[in-house]
Amino acid sequence: MSEGSERQARFGEVFAVREFRVLFGSFTLLVAGDTVKMLAFSVLVYGRTGSAGLSALAYMSGFLPYVIGGTFLLSLADRLRPRRLMIAGELVRAAVCLALGFAGLPVWAMLLLVVATGALSPVFGAARTATLPELLPGDAFVLGRSVLTVTSAGAQIGGLAVGGAVLTVAGPGGALLITAALSAAGALVLRLGLPDRPARASLVRDAGPSGAQAPRDRVSAREAVRARNPVRATLRVNRLLLADGRVRGLLLATWVPMMFVAGAEAVVVPYLSERGAPSQAGLVLAAFAAGMAVGDFVVGRFAAPALRERLSFPLALAAGAPMIGFAVRPGLAWCLALAVLTGLCLAYNLGLQRRFVDSVPEDVRGQAFGLLTSGQMTSQGTGAALAGLLAEMVPAHLAIALTGVGGVLGALALVRHLRPERHPTHPEPPHARPDSFQAGAASAP
């Protein structure tokens with residue numbers, strides 16, 4: 001644990017930072033707007049085609065491109081000015097909503113538009129997340145991330161509720177128009193509220209006299225981000241990050257437990273359909289989000305930094321246990337309780353946040369956070385697909401229970417990375433992280 005993270009932060013300190021308040025407001029508009037957008041898009045596609053499969057594909061199409069952007073484009077998050085990137089993301093979202101609602105495009109063109117523009121979403125999101133450690137030092141960063149997670153869960157629930165009401169009154173076109181207006185408002189908030197900070201890659205090029213001795217991780221990062229081709233730079237830095245054992249372990253520790261939870265969520269609708277109550281699926285899915293919001297709030301606010309890190313492993317291990325309870329085919333009340341308990345345990349990721357920031361070079365922090373987020377989205381999609389395939393072979397309640405078993409086994413396999421370092425205040429030996437980045441930079445094409 002870094003020295004700055006030893007003192008526990010308070011929500012008052014986080015919201016006292018004006019720039020964080022701006023990010024918080026724009027992020028709330030973003031999540032609520034995206035939820036309404038994908039719901040409206042799904043309804044629009046179903047209305048045109050009558051196909052449940054195409055409608056489901058439309059709803060998931062906003063998540064699918066993350067693997068594309070996360071693999072090939074993330075270096076842009078460190079090459080371009082963060083405020084401009086965030087504003088560009090809002091304007092692109094507004095333009096897409098207007099095109100979907102009013103351009104009269106065929107369904108295949110609408111799907112292609114969402115996927116193509118969605119490939120940039122990891123870049124826009126990475127610019128936002130990588131700005132947080134600059135605004136909120138030490139433990140305040142972890143609490144800021146907790147605030148955004150709680151906000152995301154609340155905005156998704158609110159977006160689904162409001163989106164349903166808007167669709168009833170105004171139809172898909174009206175809902176998309178409202179989402180475009182929210183995105184435009186978010187762009188205005190960012191333009192007026194954030195300073196125009198330089199790109200991190202430019203800071204790397206300009207840092208220090210040419211003859212100064214720079215740390216080896218900064219040298220390797222500098223070589224990576226100097227590549228003129230952003231695709232080559234993205235692939236190179238991704239390789240460096242994944243080749244480092246500490247970074248790779250923290251990435252897997254973040255992705256794997258969440259992957260199994262996403263798999264369980266994906267089978268909720270089939271399970272409740274088997275019980276003759278598919279309309280209850282929305283309540284159970286909302287219970288997952290509500291549990292996640294409460295867990296992040298409680299652990300973020302009341303657990304000291306060192307305790308948060310110690311809680312990562314037991315919480316990740318416990319996240320799979322409630323899902324095993326679906327083996328007995330619970331009714332709605334127990335489904336809600338099990339979903340809330342699972343969501344509460346997702347607070348395990350808060351104990352990994354500060355360690356992740358400390359483990360990556362500042363020069364490629366934007367890409368590192370983009371890789372983290374892209375991997376989360378990809379792993380959740382993979383978990384949903386695998387759980388759906390499993391549900392084709394066994395009853396849905398057993399498929400959910402088996403995802404719980406997988407979650408427990410996954411946490412046990414990653415115990416070394418989920419637990420904090422034994423001597424977190426001691427510096428790493430010279431051959432640890434920096435050499436892995438240096439060697440990768442030297443060998444990268």
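The values are calculated or read from the model by the stated rules, or taken from the named source; none is laboratory data. Because the structure is predicted, anything quoted here is derived from the model rather than measured. Glycine gets a Cβ as well: all are built from the backbone with ideal geometry, and neighbour counts include every protein chain shown. All accessible areas refer to the heavy atoms of the entire protein, side chains included, with ligands and DNA or RNA removed. Shrake-Rupley method; radii C 1.70, N 1.55, O 1.52, S 1.80 Å.
Points to keep in mind about this one:
- Shown here is the pair-distance distribution of the range 73-154: with all Cα-Cα distances grouped in 5 Å bins from zero up to the longest one, the shares run 3, 14, 18, 17, 19, 14, 8, 4, 2, 1 percent.
- Where T373, T342 fall by accessible area, highest first, once all protein chains stay in place (1.4 Å): T373, T342
- Proximal charge balance of R93 [Cβ under 11 Å; K/R count +1, D/E count -1]: -1
- E362, E265, ranked by accessible area, largest first (probe 1.4 Å): E362, E265
- Shape category assigned to the range 88-201 from the gyration tensor of Cα positions, a/c cut at 1.5: prolate
- Stokes-Einstein D for the range 252-390, Kirkwood Rh over Cα pairs, 25 °C, 0.890 mPa s (µm²/s): 155
- Computed E for V17/R248 - FRET, C-beta separation, R0 41 angstrom, nearest 0.05: 0.85
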